[in-house]
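No lab work stands behind these numbers, since they all come straight from the coordinates. This one's a predicted model, so the numbers in the text were calculated from it and none came from an experiment. Cβ sites come from the backbone with ideal geometry, for glycine too, and all protein chains shown count toward neighbours.
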Amino acid sequence: MENDDLKSLWKGIKTPEKDANQLSKMMKAKNHPVIKSIKRQAIIEFLALAIFLFCYYTIFDGNKKPLLINLILIFAVAFSMLNHFKGYRLQQHFRASENIKDDLKSFAAKLKTYQLEVIISKAILLIGLMLFFTNGIEFTEKKWFAMAVITFLFILQLALINNIWRKRITRIKLTIQDFETW
Amino acid sequence: MSEATFLQLLNSNQGIIGKVCSIYCNYKEDYEDLFQEITYQAYKGYPTFRGEAKFSTWLYRIALNTAMSSFRKKKPLLNFVAELPDETIFSDEEQHNQNQHLIYAIKQLNEGDRAIITLYLEELSYAEIASIIGISENNTAVKINRIKNKLHKILSNGK
């Protein structure tokens with residue numbers, strides 16, 4: 001097959017057409033499937049954390065715990081809320097500026113930073129919650145065991161999240177590498 | 001520039017988005033998600049379109065960039081028929097098989113090579129391709145030759 005044949009075949013490819021109404025809807029963030037689901041998840045988690053922050057002082061005896069423990073918990077929850085917001089903003093971020101290779105490099109760097117922040121914020125949240133709820137309780141063998149199981153499950157979740165991000169970043173880095181090699 | 005102007009330009013160039021989605025997605029659900037992501041990114045970036053290049057060239061840059069950086073569920077390519085997006089995606093009956101074959105062949109390339117060959121098949125000059133991708137013109141020429149050879153090999157093996 002000649003190169004010109006390839007070009008004419010390419011030009012002949014027809015894809016399904018969207019009408020102007022469908023295209024117009026697709027231009028808006030509120031109709032974007034990924035942004036919509038991130039937003040929904042972020043709102044749910046944000047509300048849950050906000051409700052927790054609002055009630056913990058009385059319901060979970062925050063007033064009976066040391067000030068430092070309270071401050072650590074508030075910081076951990078606030079950091080996690082901020083992280084959700086950042087994830088939502090990152091998905092909306094316009095990625096194209098000068099050329100594809102540089103844009104991919106800059107996006108991979110942003111994803112790498114966000115990947116670290118997700119892991120750190122989840123770790124801080126767990127530490128904050130653990131410190132708060134274990135403060136002042138007497139540890140028995142069963143409680144130590146429960147703590148170990150919770151920590152293990154949490155680390156497992158972190159590893160899975162990390163793996164998803166790592167795969168996405170690696171895919172982009174491989175493309176950059178392909179562009180750079182001759 | 002107004003939303004209506006953008007919509008008009010997008011409407012007449014939507015085939016570009018469709019083609020990019022076809023070579024980067026294996027399933028209809030992924031295809032639709034990527035189509036929307038590209039449309040959203042293009043609209044968001046439209047104020048940066050200075051009109052120095054053709055709108056179609058600009059849209060290709062946005063579409064390819066988005067396709068390569070978006071999250072997609074990677075599913076294994078099982079065989080020629082199974083990996084195609086959806087039979088209804090293509091409407092031209094006469095060239096249907098040949099078109100499928102070309103898309104299948106392009107999908108065998110790595111993601112970067114798919115972008116380069118797409119721009120080549122759209123008849124952009126080596127200088128334009130180099131500038132869009134962000135590599136030198138010499139590197140572009142070398143890569144295009146290599147990719148064309150790969151593509152011919154895949155196409156002839158598939159017959």
List the chymotrypsin sites (Phe, Trp or Tyr not before Pro) in the range A:97-181 that DSSP assigns to loop (not H, G, I, E or B) and whose Cβ has at most 13 other Cβ atoms within 10 Å. Which are they? A:Phe139
Report the charge-dipole magnitude of chain A in Debye, nearest 20, computed about the Cα centre from +1 at each Lys and Arg Cβ and -1 at each Asp and Glu Cβ. 340 debye
Please go through the range A:2-91 and write out the trypsin sites (Lys or Arg not before Pro) that DSSP classes as loop and that have at most 14 other C-beta atoms within 10 Å. A:Lys28
Per-residue HN-Hα couplings for the range A:136-148, Karplus 6.51 cos²θ - 1.76 cosθ + 1.60 at θ = phi - 60°, whole Hz, x for Gly and Pro? x, 9, 8, 7, 10, 4, 4, 5, 4, 5, 4, 4, 5
Could you work out, residue by residue across A:173-182, how many beta carbons of other chains sit within 10 Å of that residue's beta carbon, and then give the average as an integer? 5
If one takes the longest principal axis of the Cα atoms in chain A, at what angle in degrees, from 0 to 90 and to the nearest 10, does the Cα axis of helix A:33-59 lie? 10 degrees
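Would you mind checking A:Lys86/B:Lys148; B:Lys44/B:Lys153; A:Lys110/A:Lys142; A:Lys11/B:Lys143; A:Lys65/A:Lys167; A:Lys143/A:Lys167 for any pair whose Cα atoms are more than 32 angstrom apart?
A:Lys86/B:Lys148; B:Lys44/B:Lys153; A:Lys110/A:Lys142; A:Lys65/A:Lys167; A:Lys143/A:Lys167
How many Cβ atoms of partner chains, on average, are near each residue of B:58-68 if near means within 10 Å of its Cβ?
Details: counts 1, 0, 1, 6, 5, 1, 4, 10, 4, 0, 10.
The shielding value for this peptide is 4.
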Cα-derived Rg to Rh of chain A, Kirkwood definition: 1.14
For A:20-26, what's the mean count of beta carbons from other chains sitting within 10 Å of each residue's beta carbon? 6
Contact order normalised by length for chain A, with contacts defined as Cα pairs under 8 Å and 6 or more residues apart; what percent is it? 24 percent
Quick one, can you get me the convex hull of the C-alpha atoms of the protein assembly as shown expressed as volume per residue in Å³? 168 Å³
222 nm mean residue ellipticity, helices alone, for the protein assembly as shown (DSSP H n ≥ 4; -39,500 (n - 2.57); rounded to 500): -25000 deg cm²/dmol
